[in-house]
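> I'd like to ask you about the structure that follows.
The values are calculated or read from the model by the stated rules, or taken from the named source; none is laboratory data. Every value quoted in this text rests on a predicted model; they were computed, and no experiment measured them. Counting neighbours? That spans all protein chains shown, and the Cβs are built from the backbone with ideal geometry, glycine included.
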Amino acid sequence: MPTETLKATIRSFDATTHTATVQITGSLATWLADVPVARNIPAAHVTDGRTCAVLFFDASNPSDAVVLAVYG
């Protein structure tokens with residue numbers, strides 16, 4: 001099963017569940033909700049508009065992903 005890492009933008013963050021809604025770069029319509037955020041990323045860093053890297057463990061299953069890094 002091939003993995004894929006894509007650039008995205010944080011659109012919202014839920015500190016209770018440590019999940020984010022992200023918009024995949026280059027797609028106005030593709031927003032993924034409830035994407036787990038790596039626990040080593042402090043909640044204060046996961047803010048609306050920040051760029052992030054999202055790892056998809058299964059490219060055909062967008063719910064099987066994790067935010068690996070937040071930057072920008």
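> Identify, from the list A53, A69, A38, the residue that is modelled with pLDDT of 95 or more and under 8 Å from the mean Cα position of the chain (by Cα).
Details: A69 fails: under 8 Å from the mean Cα position of the chain (by Cα); A38 fails: under 8 Å from the mean Cα position of the chain (by Cα).
Going through A53, A69, A38 in turn, just one is modelled with pLDDT of 95 or more and under 8 Å from the mean Cα position of the chain (by Cα): A53.
> Can you pull out the residues in region 37-66 that are within 20 Å of G26 (Cα to Cα) and out of contact with any strand residue (DSSP E or B) (no Cβ under 9 Å at 6 or more places or on another chain)?
If the condition is that a residue be within 20 Å of G26 (Cα to Cα) and out of contact with any strand residue (DSSP E or B) (no Cβ under 9 Å at 6 or more places or on another chain), then S60, N61 are the ones that fit.
> Quickly run through region 14-54 and pick out the residues that are of a type outside the set (A, V, I, L, M, F, W, C) and part of a strand (DSSP E or B).
D14, T19, T21, Q23, D34, P36, T51
> Find the residue count for region 55-71, including only residues that are out of contact with any Asp or Glu (no Cβ under 9 Å at 6 or more places or on another chain), surrounded by 11 or more Cβ atoms within 10 Å (Cβ to Cβ) and part of a strand (DSSP E or B).
Qualifying residue count for the region: 5.
> I've got another one for you. Give region 35-54 a look and list any residue that's without any contact (Cβ under 8 Å) to a residue 40 or more places away in the chain and surrounded by 11 or more Cβ atoms within 10 Å (Cβ to Cβ), or say none.
Result: V35, P36, V37, A38, I41, A43, H45, V46, T47, D48.
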